[in-house]
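Let me begin by presenting the structure, written as structure tokens, before commenting on it.
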Amino acid sequence: MARTADKTDIPRRLTAAGHELFTRCGYHATGIQQITDQAGVPKGSFYNHFESKEAFAAAIIQHYAQWVDESWERCLSDAPPGAHEAVRHVFTRFIAHHEQQGCQGCLVGNFAAEVAETSALCCGVLNTALAGWRTRLAELLRRAQAEGSVRTDVDADTLATFFWDAWEGALLRMKIEHHTQALKDTVALMLDHLLRP
């Protein structure tokens, strides 16, 4: 197995392997031996960086949430100026990503279904990730309300929660149906009907 002087190399390889395996196989069906084999590192090195599989999963969730945050910022950097259309732009890009990834779903949603009731650590990290995403969306919806393109009889935080819950549900349908039509339908219904003034 390849050795390296870079102290960040092994945890980075483990994280990449864990992300891929957890996405493809799920948390419970993925063992530490599979993760270290995929990463190309000795099994013992896992415990030099992570105290348990649960702690490793929490780190994977945090890493994924950070990636989504960075993706959100990249999407906004070339989004239309109006907030309503900026929301559509962001989610259109997310839909394209899911198409390219073979409709594997959202890692946060996948973990929520598997470990939310059995791991307080992972549940806390999942809550933090989802709360952050809802806050980002609420900021955009608040701008859209000020611009007059989104209804104002419901506050932006409530709308963002509703939107995100619908999105996560559509992601589950996408995994079952193996296409992104549920995502497209959800975004269109939200932006063209339910959120309109």
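Note on the range 47-197: Rg/Rh from C-alpha atoms, Kirkwood Rh, equals 0.99.
May I ask for the angle, rounded to the nearest 10°, between helix 83-100 and the longest principal axis of the chain, with both axes built from Cα atoms and the value confined to 0 to 90°? Roughly 40 degrees, rounded to the nearest 10. For residue 161, the shell of other residues with beta-carbons less than 14 Å away shows a net charge of -2, using +1 for Lys and Arg and -1 for Asp and Glu. Tell me, how many Å apart are the Cα centres for the range 77-127 and for the range 4-69? Cα centroid to Cα centroid, the span is 20 Å. Note on residue 77 and residue 113: the model spin-label points, each 7 Å out from Cα along the C-beta direction, lie 3.3 nm apart. Along the charge dipole of the chain, which of 102, 21, 71 sits closest to the positive end, that is, farthest toward it, with unit charges on the beta carbon of Lys, Arg, Asp and Glu (+1, +1, -1, -1)? Most positive-ward Cα: 21. For the chain, the mean residue ellipticity at 222 nm estimated from helices alone is -24000 deg cm²/dmol, where every DSSP H run of n ≥ 4 contributes -39500 (n - 2.57) and the total is divided by all residues, rounded to the nearest 500.
For residue 188 and residue 135, the FRET efficiency from 1/(1 + (r/R0)^6), where r spans their Cβ atoms and R0 equals 22 Å, is about 0.40. Shown in residue order for the range 182-197 are the 3J(HN,Hα) couplings computed by the Karplus curve 6.51 cos²θ - 1.76 cosθ + 1.60 at θ = phi - 60°: 4, 5, 4, 5, 5, 5, 5, 4, 5, 7, 8, 9, 5, 9, 5, x Hz (x for Gly and Pro). Karplus-derived 3J(HN,Hα) values for the range 155-160, using 6.51 cos²θ - 1.76 cosθ + 1.60 with θ = phi - 60°, are 5, 4, 5, 5, 4, 5 Hz; glycine and proline are entered as x.
Would you mind telling me the share, in percent, of accessible area of the range 60-197 contributed by carbon and sulfur at probe 1.4 angstrom?
Working: 3680 of 6800 Å².
Answer for the range 60-197: carbon and sulfur cover 54 percent of the accessible area.
Once you order the gyration tensor axes a ≥ b ≥ c over the Cα atoms, which shape class does the range 17-131 get: rounded for a/c under 1.5, otherwise prolate or oblate by comparing a/b with b/c? Could the numbers behind the result be given before it?
On the way: a/c = 2.34, a/b = 1.96, b/c = 1.19.
The shape class here is prolate.
The GluC sites (Glu not before Pro) of the range 1-94 that meet both conditions, a loop assignment by DSSP and at most 11 other Cβ atoms within 10 Å of the site Cβ, are 51. If R0 is taken as 25 Å, the Cβ-Cβ distance between residue 20 and residue 47 corresponds to a FRET efficiency of 0.75. Against the main long axis of the alpha-carbon atoms of the chain, helix 9-25 sits at an angle near 60°. Each of residue 154 and residue 175 was given a label point 7 Å from its Cα along the Cα-to-Cβ line. The distance between the two points is 2.5 nm.
The values are calculated or read from the model by the stated rules, or taken from the named source; none is laboratory data. Note that the structure is predicted; figures quoted are calculated from it, not measured. Cβ coordinates were reconstructed from backbone atoms using ideal geometry, including for glycine residues, and neighbour counts include every protein chain displayed. Calculation scope for accessible area: heavy atoms of the full protein, side chains included, ligands and nucleic acids excluded. Shrake-Rupley method; radii C 1.70, N 1.55, O 1.52, S 1.80 Å.
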